[in-house]
Amino acid sequence: MKDFFEESIQKLKKLKKNGGMEDLVLKDEISRGIKNLEFKTFFQPKVYLEEEKVGFEALVRWFHPEKGVISPNIFIPLAEESYLINKITEIVLNDSLNAAEILKTDISINLSAISFENNYFLSSLQKKIDDSRNKNYITFELTERIAVTNFEDTLDKINNFKKSGVSFSIDDFGSGYSSLSYIEKLPINELKIDKSFIDNINTSLVNPIIIELITKIGRVAGFKTVCEGVETEEQIEKLISLGSDSFQGYYFGKPEPLLRVVEKYEKGEYH
Ligand code: C2E
Ligand code: CA
Ligand code: CA
Ligand code: CA
């Protein structure tokens with residue numbers, strides 16, 4: 001089923017210049033899935049050892065009636081080409097506020113750069129957050145891309161949301177056009193080091209130095225540094241020796257439905 005979508009996306013890219021029909025068909029399919037409540041939010045633990053705290057990242061999945069579970073890597077890029085991404089973000093925010101109400105801990109939501117540029121949509125998100133008693137539990141994860149186009153505008157928007165109690169995290173740090181200067185200038189609460197730096201942490205010569213440095217900068221500048229995609233004990237040991245204290249990855253837990261996560265959280269299984 002993955003193949004079907006990957007193929008379709010390839011075709012779509014080829015056809016795009018000609019205004020191809022397949023584009024419409026796939027977007028219609030996402031639209032139908034949204035109406036049919038096929039999009040579900042899963043939650044993966046983010047473990048902060050120093051604070052002895054566990055938060056969660058909200059990750060959306062598409063339960064397609066014929067094609068099974070479809071990964072967000074497949075449908076998010078397509079949804080981002082239309083207003084559909086905002087519909088999906090709305091679903092995820094609702095589910096996340098509900099999760100925060102039950103878990104009483106931090107929930108992080110991925111916000112696409114394209115959504116962050118849409119002022120009208122941002123106001124509607126902020127309104128929903130302001131109306132919730134769990135607003136202080138919400139973090140937005142943004143990629144570095146957002147600061148590239150209009151830095152001042154990005155800064156204003158972040159500060160505005162921070163007044164509502166929302167925290168900010170820079171996602172996938174190091175995977176794009178990383179700039180340490182943005183990090184210094186943006187009032188972020190957290191920075192997530194991309195999995196690609198963690199994968200070969202025990203063999204790379206350079207990646208440990210980068211991680212150690214960013215973690216140190218974070219301590220001075222006042223943001224948490226989370227290592228993404230931690231899968232093994234060896235990686236954890238190495239990362240701890242470099243000064244890391246916050247992690248996300250299969251080693252601690254995979255993304256799962258809320259009920260399962262609540263069960264594990266209450267049993268203390270993520271600690
Ligand atoms: P991301 O924000 O970087 O999320 C982390 C991804 O890495 C998730 O994939 C997660 O399941 C996976 N992951 C976490 N730990 C491990 C590990 O130890 N090993 C491995 N191999 N993978 C790990 P997922 O859920 O498939 O999501 C992929 C991407 O789709 C996300 O990357 C994010 O960019 C996007 N996405 C997911 N949900 C949403 C959403 O609600 N809104 C938006 N805008 N994007 C979303
Ligand atoms: Ca993320
Ligand atoms: Ca990430
Ligand atoms: Ca990623």
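Overall form of region 71-136: oblate. Here a/c, set by the Cα gyration tensor axes a ≥ b ≥ c, is 1.5 or more, and a/b is not larger than b/c. Roughly what % of Cα-Cα distances in region 49-101 sit above 15 Å, to the whole percent? Above the 15 Å cut-off, region 49-101 has 59 percent of its Cα pairs. Rounded to the nearest 10 degrees, the inclination of helix 258-267 to the longest alpha-carbon principal axis of the chain is 20 degrees. For region 195-235, GluC sites (Glu not before Pro) are listed when DSSP marks them as loop and at most 15 other Cβ atoms sit within 10 Å of their Cβ; the list is Glu231. Going from the fewest other Cβ atoms within 10 Å to the most, the residues Asp130, Asp95 appear in the order Asp130, Asp95. The long axis of helix 119-130 is offset from the longest Cα principal axis of the chain by roughly 60 degrees.
Between the amide H of Ser108 and those of Phe56, Glu57, Ala58, Thr139, distances stay under 5 Å, these residues lying 5 or more places away or on another chain, with hydrogens modeled in the peptide plane. Centre-to-centre, using Cα atoms only, region 94-124 and region 22-84 are separated by 13 Å. Backbone amide hydrogens, once placed in the peptide plane, bring Lys224 within less than 5 Å of Glu190, Leu191, excluding anything fewer than 5 places away on its chain.
When a/c is below 1.5 the answer is rounded, else prolate if a/b is larger than b/c, else oblate, so apply that to region 99-197 with a ≥ b ≥ c taken from the square roots of the Cα gyration tensor eigenvalues. Oblate shape, in that a/c is at least 1.5 and b/c is the bigger or equal ratio. 3J(HN,Hα) along region 190-204, derived from phi through the Karplus expression 6.51 cos²θ - 1.76 cosθ + 1.60 where θ = phi - 60°, amounts to 7, 9, 9, 7, 4, 3, 4, 7, 7, 3, 10, 4, 8, 10, 6 Hz, with x in place of Gly and Pro.
If the limit is 32 Å between Cα atoms, which of Lys157/Lys264; Lys67/Lys264; Lys67/Lys104; Lys87/Lys157 go over it? Walk me through the intermediate numbers first.
Numbers: Lys157/Lys264 35 Å; Lys67/Lys264 29 Å; Lys67/Lys104 35 Å; Lys87/Lys157 20 Å.
Beyond 32 Å between Cα atoms: Lys157/Lys264; Lys67/Lys104.
Against the chain, whose longest principal axis is taken from its Cα atoms, helix 21-35 shows a tilt of about 70°. Divide the volume of the convex hull around the Cα atoms of the chain by the residue count and you get 144 Å³ per residue.
Taking a ≥ b ≥ c as the square roots of the eigenvalues of the Cα gyration tensor, an a/c ratio of 1.5 or more together with a/b larger than b/c marks region 142-190 as prolate.
All of the numbers you see were taken from the coordinates with simple rules; none came from a lab. Computed from a prediction, not measured in an experiment: that's the story for all the values here. Ideal geometry is used to build each Cβ from the backbone, glycine not excepted, and the neighbour counts take in all protein chains shown.
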